[in-house]
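Working notes for the structure below.
Coordinate-derived values only; no laboratory data. Keep in mind that what you see is a predicted model, and the values were worked out from it rather than measured. Every residue, glycine as well, gets a Cβ built from its backbone with ideal geometry; the counts of neighbours run over all protein chains shown.
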Protein chains: 2
Amino acid sequence: MNIGEASAASGLPAKTIRYYEEIGLLRPARDGNGYRSFAPRDVHRLAFLARARALGFSIEECRTLLALYEDDSRASADVKRLAERHLERIDRRIAELQALRATLAGLVAGCAGDRRPDCPILKDLAEAGQDVGPS
Amino acid sequence: MNIGEASAASGLPAKTIRYYEEIGLLRPARDGNGYRSFAPRDVHRLAFLARARALGFSIEECRTLLALYEDDSRASADVKRLAERHLERIDRRIAELQALRATLAGLVAGCAGDRRPDCPILKDLAEAGQDVGPS
DNA sequence: CTTGACCTTCCAGCAACTGGAAGCGGCATA
DNA sequence: TATGCCGCTTCCAGTTGCTGGAAGGTCAAG
């Protein structure tokens, strides 16, 4: 199975697959012509990575998850801990974005949006003394 | 006013201020010794930028906002349009994160988190056929 | 005169790819 | 056999918005 097929099967762009190899997330064999040759196991790894990335895990977390996945003597507690920390990050990020959203929505609501120059949005940007919370 | 004072006054790291100058967001004068010399107007610009960045506007959007701010004949509609587009981006991002959060929370809840290897989180990563929505 | 806190420039690196150039491999067609 | 085209290869550069660090100049205090 060459990279094009592996790409179609995993949903990852060929460029991304080459990048993942470069950073050591997988090591596909090579054919005589130098083409990468993906075994089912490699494609499975790629699909695993695609899914973990889609859930927002970082590359390094994906590396750890993959190692845990392939370690039959893993403890599910290790996986859970990783996922919980990620969940907390997501929650913090959502809270930050909701705070931004609230501030911004208030400013937008107050802006006439016409041809005159008066604009509470610019006024706020220019004059606000405090920030909108941790970023 | 040198860069250290401008940094303290605006809340932006000196490194960031130098970077903003490099990409043309401001052009502080120079003293005879080569040190940057920040006029009140420059510090004001920096504070404006800090606030706009904290609200999540991109550097290019900040450049536009700054130009609008300093253009007395601006139309508030232009500012509002920019802010509304940003608001939509934030909303999309929040929705994405909430979808992730829901999926991940479900997986975490199902994981025993003990010393045994069985783990629904890894199982999902390995087997899920569909993704979690647009990213 | 030295110390230490500033300041300067420039180069490298972060995350996680993405785009593009230059050049093979392999198959079909003229 | 020549030609075309697609897919594969590597390598380099760029993205966003900084951040760290090296090497060195400046300035006020002791």
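The packing ranking, built from the mean of other Cβ atoms within 10 Å per residue, places the peptides B:2-10, A:26-34 in the order B:2-10, A:26-34, highest first. When chain B is turned onto chain A, its residue with the beta carbon nearest the axis, and that distance in whole angstrom, is B:Ile94, 3. Dividing the summed helix terms, -39500 (n - 2.57) for each DSSP H run of n ≥ 4, by the number of residues in the protein assembly as shown produces a 222 nm estimate of -20500 deg cm²/dmol to the nearest 500. Residues whose amide H comes within less than 5 Å of that of A:Ser37, counting only those at least five positions distant or on another chain, are A:Ala29, A:Arg30, A:Asp31 (H built at 1.01 Å from N in the peptide plane).
At 0.36 nm per residue, minus the direct Cα-Cα distance, what do B:Ala109 and B:Arg27 gain on full extension? Give it in nm, one decimal, please. Intermediate values should be presented prior to the final figure.
Details: separation 82, 0.36 × 82 = 29.52 nm, distance 5.37 nm.
Going from the current span to full extension adds 24.2 nm.
Working from label points 7 Å from Cα in the Cα-to-Cβ sense, the A:Ala9 to A:Glu127 distance is 6.3 nm. Counts of other chain beta carbons within 10 angstrom of each beta carbon in peptide A:62-75 average 3. Taking each residue as 0.36 nm, the span from A:Arg18 to A:Arg89 lengthens on full extension beyond its C-alpha to C-alpha distance by 22.7 nm. Dipole of the protein assembly as shown computed with +1 at Lys/Arg Cβ and -1 at Asp/Glu Cβ about the Cα centre; of A:Pro40, B:Tyr35, B:Ala109, farthest Cα towards the positive end is B:Tyr35.
Residue by residue through B:98-104, how many Cβ atoms from other chains fall within 10 Å of the Cβ on average? Could you put the intermediate results ahead of the total?
Working: counts 5, 1, 9, 8, 0, 3, 8.
Counting Cβ atoms of other protein chains within 10 Å of each residue's Cβ and averaging gives 5.
Report, ordered by chain and residue number, the lysines lying within cross-link reach of A:Lys123, taken as a straight Cα distance under 21 Å and ignoring same-chain residues fewer than 8 apart. Once the sequence-local lysines are set aside, what remains near A:Lys123 is B:Lys80. Dipole magnitude for the protein assembly as shown: computed about the Cα centre from +1 point charges on Lys and Arg Cβ and -1 point charges on Asp and Glu Cβ, it is near 180 debye. Could you compute the FRET efficiency for A:Arg41 and B:Arg116, with r as their C-beta to C-beta distance and R0 at 30 Å, rounded to 0.05? Once the sixth-power term is evaluated, E becomes 0.80. Computed from backbone phi with θ = phi - 60° and the Karplus coefficients 6.51, -1.76 and 1.60, the 3J(HN,Hα) list for region A:23-30 is 8, x, 7, 7, 9, x, 5, 10 Hz; x is used for glycine and proline.
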